[in-house]
Structure formats: C-alpha cells, structure tokens
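Remarks on the structure that follows.
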Amino acid sequence: MKFTSVFDIIGPVMIGPSSSHTAGAARIGRVARDLFGKQPTWAKIHLYGSFAETYKGHGTDVAIVGGLLDYDTYDERIKTSFKDAERLGLTFEFIPETGSVEHPNTARIVIGDDESELSMVGISIGGGAIEITELNGFPLRMSGGMAAILVVHNDRAGVVANVAVCLANHSINIGHMEVSRKERGNMALMVIEVDQNIAPTILEEIELLPNITKVTRIKN
C-alpha cells in the first residue's frame, strides 16, 4: 500500500475514539450528503460487520449523522449530532444487518427528501480513509479523499471523450477515472477524481454537453 503523506499513517485530526469507526464513518456520511447536494430530511443507515456490532460504543452512529450534517472529522459538533439533526429536521434510523460484505466496516446510506433520494455504499478502510463502492446501484471505486465529479450520462460513443476534453481545456488534471453501466446503451456513471476542486461554472459547462443527464461534485 502506498502512503502519500504522514497523515495516511497516523490518521486525520478527528473526534475519537476510532479512526475507522468514527473519522471514516463521518467521511462516509459527508460524502453521501455531498453527492445528494443538499441537506436530506431523512436517512436510513444500514450497518454491516464490525460497524453493525460496535456502532454505538465506537461513535459510528453520531459520526455518520454528523457527516450527513456536513461536519468534518475534527468538528466537535459530531458529539451533539443527534440533537442537531433533530433541530434541523433530519430524521434517521440505524439498521444493523447480518449479511456478509467484502469489508467489515461497511455502511449503506439511503437519504432523501420530498423530491429525491440517494443510495450509497461506503467502507472505512482504516486511518480515516474511505472508499465508495456503489452509488444508486452503480458499482464504482472512489476514494472520497480527492475532489471528484460524478457524471450521469447516456451510454453513447464520445461522451467520455467530451468530458475529458472539457476538463483539459480548463487545465484540470484527472487522477483517476472509471465508467460503469448497468446495461449497454442505457444509463451510465462516470467517476472522475481530479487534483483540484472544480468550479460550478465548469460543472454547468459539462452538464450542457450532449447526452449528459446530471453532474455532481465532491470537494476535497
């Protein structure tokens, strides 16, 4: 495994007690909120493996809810996230699951409001680092530690190239990119991790490209 900085080894600045169960959980919740694009009004949080067994004692529950409220790993408000959620109108439910998963620290977060909903699977891989492995039924691999854009599009020739050219025209370097689809010729999902945050005007430019349905960003 390659470490890019000392913080990959000792973990992030965070609210304890555990980097995997607290910091990683908060990041999973926060990425879900980023992808949803606004404050959800309800959340169903399915926990697997070690998360399901120890989520109360290790603070996984308050951390995920804090992430859904846009609190970072070091935010002291994580400790009061349940009360804050109630005040802000976010209802939530934790559902411990017994099914087998690839990683012991896995959470499926389903969030929404009166207009839309989102389903995301995230795993905490240690030291506060996470991976996103599924979004609305699309399999993917995204670190959650880099700025990224997610592009929902029709599965047509040239769409990926058009997006890449748009980013290149704005001197945005791609660090990782992958495309997944459920069926050939139907809807697909493009995940692009980049070296810097992307301005809203560039997102709007990408959204105007042919066969693009929706563009969402994650800030680092």
Of everything in the stretch 154-190, what is in a strand (DSSP E or B) and out of contact with any Leu (no Cβ under 8 Å at 6 or more places or on another chain)? Give them in sequence order. ASN154, GLY175, HIS176, MET177, MET187, ALA188
In the stretch 41-50, is there at least one residue being surrounded by 14 or more Cβ atoms within 10 Å (Cβ to Cβ), over 18 Å from the mean Cα position of the chain (by Cα) and either among the hydroxyl-bearing types (Ser, Thr, Tyr) or assigned to a loop (DSSP other than H, G, I, E, B) (or both)? yes
Take GLY59 and decide whether it is farther than 26 Å from MET190 by Cβ, touching a residue at least 40 places away in the same chain (Cβ under 8 Å) and surrounded by fewer than 22 Cβ atoms within 10 Å (Cβ to Cβ). no
The stretch 175-218: number of residues that are at positive phi and of a type in the set (Val, Ile, Thr): 0
By residue number, the members of the stretch 198-219 that are of a type in the set (S, T, N, Q) and either surrounded by 13 or more Cβ atoms within 10 Å (Cβ to Cβ) or part of a strand (DSSP E or B) (or both) are ASN211, THR213, THR216
Among the numbered criteria (1) assigned by TED's automatic domain parsing to the domain that holds THR41; (2) closer than 25 Å to GLU207 by Cα, which one does GLY127 miss? (2)
Candidates SER50, SER100, SER124, SER81, filtered to the one that is hydroxyl-bearing (Ser, Thr, Tyr), free of Cβ contacts under 8 Å to residues at least 60 places away in the same chain and either under 28 Å from ALA199 (Cα atoms) or in contact with a helix residue (DSSP H, G or I) (Cβ under 6 Å, 6 or more places away or on another chain) (or both): SER81
From the list VAL165, VAL159, VAL121, which residue is at pLDDT 95 or above, farther than 16 Å from GLY37 by Cβ and either under 17 Å from the mean Cα position of the chain (by Cα) or crowded, with 20+ Cβ neighbours inside 10 Å (or both)? VAL121
Evaluation of GLU115 against (1) over 21 Å from LYS214 (Cβ atoms); (2) part of a loop (DSSP other than H, G, I, E, B); (3) within 21 Å of the chain's Cα centre (by Cα); (4) without any contact (Cβ under 8 Å) to a residue 40 or more places away in the chain (one fails), failing number: (1)
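The values are calculated or read from the model by the stated rules, or taken from the named source; none is laboratory data. Values in this document were obtained by computation on a predicted structure and should not be read as measured data. Because the Cβ atoms are built from the backbone with ideal geometry, glycine has one as well, and the counts that use them run over all protein chains shown.
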